[in-house]
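Beneath this line is the structure, given in structure tokens, with notes to follow.
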Amino acid sequence: MRKVIGIGETILDIIFKKDKPSAAVPGGSVFNGMISLGRMGVDVRFISETGNDRVGRTILDFMQENGISTDHVNVFPDGKSPVSLAFLNDKSDAEYIFYKEYPKQRLDVIFPQINEDDIVVFGSFYALNPVLRDKMTELLELAKERKAIIYYDPNFRSTHKDEAMKLAPTLIENLEYAHIVRGSSEDFFYMYGLQDVDKVYKDKIKFYCPNFICTSGANNITLRTNCLSKEYSVTPLQAVSTIGAGDNFNAGLIYGLLKYDVRLRDLDNLDDAQWDRVIACGKDFSAEVCKSFNNSISVEFAEAYKK
């Protein structure tokens, strides 16, 4: 059975609507997608870290409840588990304030076994952080060597836009490792100052990674590969929260790759119909997660979707 291996932060998201706390849910960009895949019955391994405190225990319990092993989570004795405050605006999009207090020693974990055609997911500032870089490249090298599919979501926030130039060499290295790059139009604007998706693909992505997907909130989804150029429309919906939308698009797309048995050797030759099926799963997961304050698809949705 193919596995999905994710690496990223865990965080407790406290969500505010009209300046009042509405929910507190375990989160983290890669984490949100991993929980959804766990609920779909996928064999998921998650590499992360958390504090030895109440927030950390909440996150570890949540992982286990969703069928994800905590064997690859470093529980650090000093420092505190990170927390974020997410303030939702009228469009249910979030503005964040992060509280983090990590120890000096980071990510002291043993990696899970990686096999051919497993899928390794990485992204966000976690994949650019100089403190974690050695550990990150160690995992990516291992994934490359074992012929796993490597999926990269830059998830580049506005808080880092002033560092984009300084982070450019690491960004390029990440793109070189990736077999699929999926980001939002916002990410690429903060990374490159560009809004034209084709220009982003041709000038910044294609040379390193041919398979590119750009989502843009309620607007079209763009797919660009060496042999395909397609747009997909997004069904309008009344969102409760868009916090997990991109993370769950990733989860759905990865679920589609598994469901339709897409392997590393197939990736560069997928035709229209194959991409349509895989992207449809991404759209379904993303739409589902916008209907509540949860950062992942519901258990009920997962059960129904499997049938």
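Below is a table of values for the structure above.
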{"item": "The range 39-74, subset over 30 Å from LYS20 (Cβ atoms) and touching a Gly at 6+ places or on another chain (Cβ under 6 Å), residue surrounded by the fewest Cβ atoms within 10 Å (Cβ to Cβ)", "result": "GLY67"}
{"item": "Residue list for the range 58-79, filter: assigned to a helix (DSSP H, G or I) and touching a residue at least 24 places away in the same chain (Cβ under 8 Å)", "result": "THR58, ILE59, PHE62, MET63"}
{"item": "GLU288 at pLDDT 95 or above and more than 19 Å from the chain's Cα centre (by Cα)", "result": "no"}
{"item": "Residues of the range 133-163 satisfying the condition of being more than 23 Å from ALA86 (Cβ to Cβ) and of a type in the set (A, V, I, L, M, F, W, C)", "result": "MET136, LEU139, LEU140, LEU142, ALA143, ALA148, ILE149, ILE150"}
{"item": "So LYS18, is it over 16 Å from the mean Cα position of the chain (by Cα), at positive phi and among the basic types (Lys, Arg)", "result": "yes"}
{"item": "Lone unmet requirement of (1) more than 19 Å from GLY38 (Cα to Cα); (2) aliphatic (A, V, I, L, M); (3) touching a Cys at 6+ places or on another chain (Cβ under 7 Å) for ALA245", "result": "(1)"}
{"item": "Which listed residue is of a type in the set (Phe, Trp, Tyr) and more than 29 Å from ARG263 (Cα to Cα), from PHE46, PHE16", "result": "PHE16"}
{"item": "Test: residue in the range 4-19 that is of a type in the set (D, E, K, R) and either closer than 28 Å to GLY79 by Cβ or buried (at least 20 other Cβ atoms within 10 Å of the Cβ) (or both)", "result": "yes"}
{"item": "Residues of the range 216-229 that turn out to be touching a residue at least 40 places away in the same chain (Cβ under 8 Å), touching a Phe, Trp or Tyr at 6+ places or on another chain (Cβ under 9 Å) and either surrounded by fewer than 15 Cβ atoms within 10 Å (Cβ to Cβ) or of a type in the set (Ser, Thr, Tyr) (or both), as a count", "result": "2"}
{"item": "Every pair of residues 6+ apart whose Cβ atoms lie under 6 Å, when the first sits in the range 81-96 and is touching a residue at least 40 places away in the same chain (Cβ under 8 Å) while the second is basic (Lys, Arg)", "result": "PRO82/LYS100; LEU88/LYS17"}
{"item": "Enumeration of residues in the range 230-270 that are at pLDDT 95 or above, over 14 Å from LYS283 (Cβ atoms) and loosely packed, with under 12 Cβ neighbours inside 10 Å", "result": "ASP261, ARG265"}
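The values are calculated or read from the model by the stated rules, or taken from the named source; none is laboratory data. Just so you know, these numbers come straight off a predicted model, no measurement behind them. Don't worry about glycine lacking a Cβ; one is built from the backbone with ideal geometry, like all the others, and counts go over all protein chains shown.
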